[in-house]
Amino acid sequence: MLEVIRVEGRIGEEDWTIVPYPASNAPRPRAAGKAGLARNTGEAAAPPELLAGLAVPAAGKIIVPLALWQARRDGLQQRFDAGEIAVWLDACEEVEVLAAAVDLAAAPLLALDFPKATDGRAYSSAALLRERLHYRGPLWAIGDVQRDYFAFMFRCGFDTLVPRAGRYTRAQLEEAAANLGLFAHPYQGAVDDPLPLWRRVRRPQQEVRT
């Protein structure tokens, strides 16, 4: 069972299993661009030889990487249609590729991976899925999901956060969930509320003295 944090701050459990890539010496695709302006590269997240030996559990609800879905779609389609297969996107991969490979309207959920907390490409991917591709289903953040960034992930369109197992105690998660209320009135517009604060709050007009 996965321990998750919902957008409303509730902690719960999910019976999905995330299929990770196996350990490999192959170099991971890196963020492209200048520091502070990282972008998705559109590279394959895993070489074919790595996918060939990747086992998919025969039963249960499974979240598989996009590259695996693309390579074995015919064998997984029936389980996808039954709501037992979902897909996760690596940080280097483009959401347009995901949309071309997966029926977004039929997907039981989509997940975006944070390879490390300082790699922010999944924030942009979440916003693009919500705003440009109009995806309205469950959107999970997986990988290096750290509690300092929970509020920002929710603002970008995620509705479920999945920290790595064992990273936090239940008490730490409850504290982090309670602190989400500290960001009740963020200044900037985002996916959760496109209007900036100055458009949402009307200040009283000051009396002009002559």
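The values are calculated or read from the model by the stated rules, or taken from the named source; none is laboratory data. Values in this document were obtained by computation on a predicted structure and should not be read as measured data. Virtual Cβ from ideal backbone geometry, glycine too; neighbours counted across all protein chains shown.
Looking only at the stretch 66-73, decide whether some residue is surrounded by 11 or more Cβ atoms within 10 Å (Cβ to Cβ), farther than 19 Å from L128 by Cβ and in contact (Cβ under 8 Å) with a residue 40 or more places away in the chain.
yes
Just checking, how many residues over the stretch 143-182 are assigned to a loop (DSSP other than H, G, I, E, B), closer than 21 Å to C92 by Cα and touching a residue at least 24 places away in the same chain (Cβ under 8 Å)? Steps first, answer last, please.
We begin by selecting, within the stretch 143-182, every residue assigned to a loop (DSSP other than H, G, I, E, B); these are 144-146, 156-159, 162-169.
Okay, now just the ones that are also closer than 21 Å to C92 by Cα, so 144-146, 156-158, 162-164.
Applying the additional criterion that residues be touching a residue at least 24 places away in the same chain (Cβ under 8 Å) yields 144-146, 156-158, 162-163.
So the answer is 8.
Only one of (1) under 16 Å from L98 (Cβ atoms); (2) surrounded by fewer than 17 Cβ atoms within 10 Å (Cβ to Cβ) is not met by R170, so which one is it?
If we test R170 against (1) under 16 Å from L98 (Cβ atoms); (2) surrounded by fewer than 17 Cβ atoms within 10 Å (Cβ to Cβ), just (1) comes out false.
May I ask you to list pairs of residues, at least six apart or on different chains, whose Cβ atoms are under 8 Å apart, with the first in the stretch 12-25 being under 23 Å from P48 (Cβ atoms) and among the aromatic types (F, W, Y) and the second being at pLDDT below 85 and surrounded by 16 or more Cβ atoms within 10 Å (Cβ to Cβ)?
The qualifying pairs are Y21/A45; Y21/A46; Y21/L50.
Listed here are the residues, each with its yes/no results for (1) surrounded by fewer than 18 Cβ atoms within 10 Å (Cβ to Cβ); (2) without any contact (Cβ under 8 Å) to a residue 12 or more places away in the chain; (3) β-branched (V, I, T).
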position: A101; (1), (2), (3): yes, no, no
position: L112; (1), (2), (3): no, no, no
position: A127; (1), (2), (3): yes, no, no
position: R136; (1), (2), (3): yes, yes, no
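Yes or no, residue by residue, for (1) small (G, A, S); (2) modelled with pLDDT under 95; (3) surrounded by fewer than 22 Cβ atoms within 10 Å (Cβ to Cβ):
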residue: V64; (1), (2), (3): no, no, no
residue: G83; (1), (2), (3): yes, no, yes
residue: A106; (1), (2), (3): yes, no, yes
residue: L133; (1), (2), (3): no, no, yes
residue: A165; (1), (2), (3): yes, yes, yes
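Do any helices (runs of 4 or more DSSP H) lying entirely in the stretch 49-142 carry at least 2 residues that are of a type in the set (D, E), and which ones are they?
Numbers: elements: 66-81, 95-101, 121-131.
Once the helices (runs of 4 or more DSSP H) in the stretch 49-142 are filtered for at least 2 residues that are of a type in the set (D, E), what remains is 66-81.
Go through (1) touching a Lys or Arg at 6+ places or on another chain (Cβ under 9 Å); (2) closer than 23 Å to R130 by Cβ; (3) surrounded by 15 or more Cβ atoms within 10 Å (Cβ to Cβ) one by one and return the number of the condition R39 breaks.
(3) is the only condition that R39 fails.
R72 versus (1) within 16 Å of the chain's Cα centre (by Cα); (2) at pLDDT below 95: which is the lone unmet condition?
(1)
Scan G9, G36 and give me the residue that is closer than 25 Å to G120 by Cα, assigned to a loop (DSSP other than H, G, I, E, B), touching a helix residue (DSSP H, G or I) at 6+ places or on another chain (Cβ under 7 Å) and at pLDDT below 90. Let's see the steps before the verdict.
Values: G36 fails: touching a helix residue (DSSP H, G or I) at 6+ places or on another chain (Cβ under 7 Å).
Every option except G9 fails the conditions.
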